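S.K.: Sharing a structure below in structure tokens format, with a few things to ask.
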Amino acid sequence: MDKKSLTEADIRSKYIDPAIINRGWTEDMIRREHYFTDGRVIFLGQNHDRQKGKKADYILYRGNNLPIAILEAKDNNKPVGGGMQQAMEYAQILNLPFAYSSNGDAFVEHDFLTGEERQIPLDQFPTPEELITRYKNAKEFSDEQMQIVSTPYYTDAYTHQPRYYQAQAINNTIEAIAKGENRILIVMATGTGKTVTAFQIIHRLRAAGLKKKILYLADRNILIDQTITQDFRPFKKVMTKVQGATIDSAYEIYMALYHQLVSNEEHTPDPFTQVKPDFFDLIIVDECHRGSAKDDSAWRKVLEYFNTATQIGMTATPKVEEGANNLDYFGKPVYTYSLLQGIQDGFLAPYRVTNSFISIDLQGFKPEEDERDIFGKEIEQRFYERKDIGRNIAFIKRREVVARRITKMLHQIGRMTKTIVFCSDVDEAEEMRSLLTNLNADFCAKDPRYVMRITGDDAVGKKQLDNFIDVDTQYPTIVTTSELLATGVDCKTCGLIVIDKEIGSMTEFKQIIGRGTRLRTDKGKWHLEILDFRNATAKFKDPKFDGDPEPPTGGHRPPGGGGTKPPTPPTPSPHEKYVVNGEDIRINTEIVSVLGEDGKTMRTESVRDFTRRQLRKRYASLEDFIQNWTAAERKKAIVDELKEYSILIEAVREKNTALANADIFDIICHVAFDQPALTRRERANNVIKRNYFAKYEDKAREVLMALLDKYADYGILNFEDPDILDHEPFNEIGKPQKIVKLFGGIQQFEQALKELELEIYKQIA
């Protein structure tokens, strides 16, 4: 058999598989054609799809779910190293020490541990023991350390295997601890699974016998409850939630809030002192950018008391401020997985931003002499800027403008879209709740929980928080808040975030955006809408938004405190809040933008302009496109290829009613090359006018006429559907086998289809 005539799949099965199996790689150590990313979600208008995920031909494992090498295969017309660059790219993403390429003649190896590359005969692929030994020696692991880092993940029927980036975070953490590090920081974007990562870290360290008493710290009760009932469920027999001021020493894993461990009374001992400082040997600090980040926090003393324990901080937004610096305390992150990387990989939702600029925000407000608000209070004489609106002064008509715009958007994207409206304070949250209720009275009549306020001071609203979070519960649908929902709350189906408050810090902005970045395509959530009245989303352009955290300039504060504490900021004095009716308040302009293909910049161009630009990247000319279209065995291959350019043809059709019945071919020609667009029916009628079917017998002609009619109604993709003969009207003519025989056999039938397809596009082609 000529090796050059074999497909890549044949090369894998006939040459590569035997070569690695004969060297001791068992089936449980090999994962073939494995997608390690889901493929970025692309959306135009309300149309969604996915690009192709990243797929490795082979991933080789050194133990239970611990990968060590990647192998990319090519057909024998390619050189031995033809797949090496792809293998190296994937190996770097997956943090694997070895990459291989093969065309069935030999292997090429790239060793990331040494930087060296070599060719290996087909029958001398490295054994599992060889690669493990090379890895161990390069890392300078002792036998004991190697045993620790080789401890397998937890598996059962209900626990998903870690995604590639979770595995890297876990492995980097385990390796650091095996090397003796005791302060570790993990940075992972909101929605990427920090708690499941923490679960696997705890499991593997317990299984290795390295850690026996574990404390999991958070600063919100809902975070603890979510963790216990979800990702930490397998620990239920050895896990307890600290209640009151008592620590029961009988358990192994303790879930606790900071404030439960710290006494607020001056002469009362802190509850954590009930146990010795060496009681815990592992502490995980969830959302470590919050209270425990501060050097002078009362909560920090919990960490300092148990300073012999290994402490792992986890956050999406590490603080790097003077006096509250996660990098000072935990050190540089052992692993970082950003929001934009999560979007690029297809694990997080991309976003569309509508910046809505209101006249009073742009102009500001200066009260008249002796002007009073609606309550009769004299308004302080000064110039009020946007930052003052909602905090120091409120305009009734502005509130109405905001509420109407929110409602309008919900009518556009779906009125049952879970929505969080971030307001300046609790009073504004209440006013917005009332306005939205009246504007959506029809839905509130179905369930009064359609609009609710959930703030820290509202017990009724807080009781509905679990229902809002629940992916299977419709109500509450719209939630107004000020700060309660800004961090840590897992709202998987939140599809609209409204920002109507000033956001000072990047940390707060990231946390707010993080409330909506989870994907739930099974629930219809493919992307996040952001309606921004405060231009907070300008922070997307800040390099700090998705860059590595940088420590502030100035002195470095060593772990464990020391040095002079920063001065306590002065308590802000109470201020009056004026309420004014306002006149002629309106939305001056709106700018709609989406995350660009580079995953960094925002683009504002129209669907048509964007599609035109992307099509011209792919096709140099009309002739180039027609040639590719004609040569394609299946036109779906062209449609799928265009997804990699973020092109969705149906979105173009949606935005231009004149193209509603146009063929995909015509839409592309029209948008990219300014050609007139024919409808599918016009193309079908042109075929009939040319008396194309005259050469066929009655029944065969009937079949082809029916196929042409299907094309006219539904398009070329339906025409190419391999199961089309199983449906009406063809099943009335006969079974597929009988229909094929009308043409003399399957080859003749397929030829007739190809000729008909060419006839459909004959006018231009």
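Every read-out reported here was derived from the displayed coordinates using simple, explicitly stated rules and does not represent laboratory data. Small disclaimer: the values here were computed from a predicted structure and weren't measured. Cβ sites come from the backbone with ideal geometry, for glycine too, and all protein chains shown count toward neighbours.
S.K.: Separation between the Gln161 and Glu682 pseudo-spin-labels, each 7 Å from Cα along Cα→Cβ, expressed in nm?
M.R.: 5.2
S.K.: I've got another one for you. Assuming 0.36 nm per residue, please report the length gained on full extension of the stretch Ile222 to Lys332 beyond their Cα-Cα distance.
M.R.: 36.8 nm
S.K.: For the chain, how big is the tail of P(r) above 34 Å, as a whole percent of Cα pairs?
M.R.: Of the Cα pairs, 61 percent sit more than 34 Å apart.
S.K.: In addition: So between Glu633 and Asp584, what do we pick up on full extension, going 0.36 nm a residue minus the alpha carbon distance?
M.R.: Contour length minus Cα-Cα distance gives 11.6 nm.
S.K.: What Cys residues in the chain are without a partner cysteine, judged by a Cβ distance under 4.7 Å?
M.R.: Cys288, Cys423, Cys444, Cys669
S.K.: Considering all projection directions equally, how large on average is the shadow of the alpha-carbon convex hull of region 328-389, in square nanometres?
M.R.: 9.5
S.K.: Continuing with this model, one more query. Which of Pro79, Asn95, Leu348 sits farthest toward the positive end of the charge dipole of the chain, with +1 on the Cβ of Lys and Arg and -1 on the Cβ of Asp and Glu?
M.R.: Pro79
S.K.: I've got another one for you. For region 28-89, what number results from the quotient of the Cα radius of gyration and 2.2 N^0.38 Å?
M.R.: 1.43
S.K.: Return the FRET efficiency for the residue pair Asp721, Asn65: r is the Cβ-Cβ distance, R0 is 41 Å, and the value is rounded to the nearest 0.05.
M.R.: 0.60
S.K.: Here's something else I'd like to know. Return the FRET efficiency for the residue pair Gln243, Asp472: r is the Cβ-Cβ distance, R0 is 35 Å, and the value is rounded to the nearest 0.05.
M.R.: E(calc), rounded to 0.05, equals 0.75.
S.K.: For Lys463 and Glu33, FRET efficiency with R0 = 45 Å and r from the beta-carbon atoms, rounded to 0.05?
M.R.: 0.40
S.K.: If you average the C-alpha positions of region 739-764 and of region 41-116 separately, how far apart do those two centres end up, in angstrom?
M.R.: The distance from the Cα centre of region 739-764 to that of region 41-116 comes to 40 Å.
S.K.: Ok, one more. For the chain, give the share of DSSP beta bridges that are antiparallel, in percent and rounded to the nearest 5; count only bridges with both residues there.
M.R.: 40
S.K.: Can you grab the distance from the C-alpha centre of region 399-463 to the C-alpha centre of region 676-714, Å, no decimals?
M.R.: 53
S.K.: Stretched out fully, how many nm does the piece from Gln46 to Asn691 gain, at 0.36 nm a residue minus the Cα gap?
M.R.: So the extension gain works out to 228.1 nm.
S.K.: For Cα pairs less than 8 Å apart in space and 6+ apart in sequence, what is the mean separation divided by the residue count of region 681-760, i.e. the relative contact order in percent?
M.R.: Rounded, it is 32 percent for region 681-760.
S.K.: At what distance in nm do the modelled label points of Arg415 and Asn535 sit from each other, each positioned 7 Å from its Cα along Cα→Cβ?
M.R.: A separation of 3.4 nm, rounded to one decimal place.
S.K.: Give the order of Arg449, Arg12 when sorted by the count of other beta carbons within 10 angstrom, beginning with the fewest.
M.R.: Arg449, Arg12
S.K.: Right, next: Can you tell me the relative contact order of the chain? Whole percent, Cα pairs under 8 Å, sequence separation 6 or more.
M.R.: Value for the chain: 11 percent.
S.K.: Hey, another quick one. Can you put Met88, Met452, Met506 in order, fewest other beta carbons within 10 Å first?
M.R.: Result, fewest neighbours first: Met506, Met88, Met452.
S.K.: Fewest first, what order do Ile513, Ile413, Ile530 take by the number of other Cβ atoms within 10 Å?
M.R.: Neighbour counts put them in this order, fewest first: Ile413, Ile530, Ile513.
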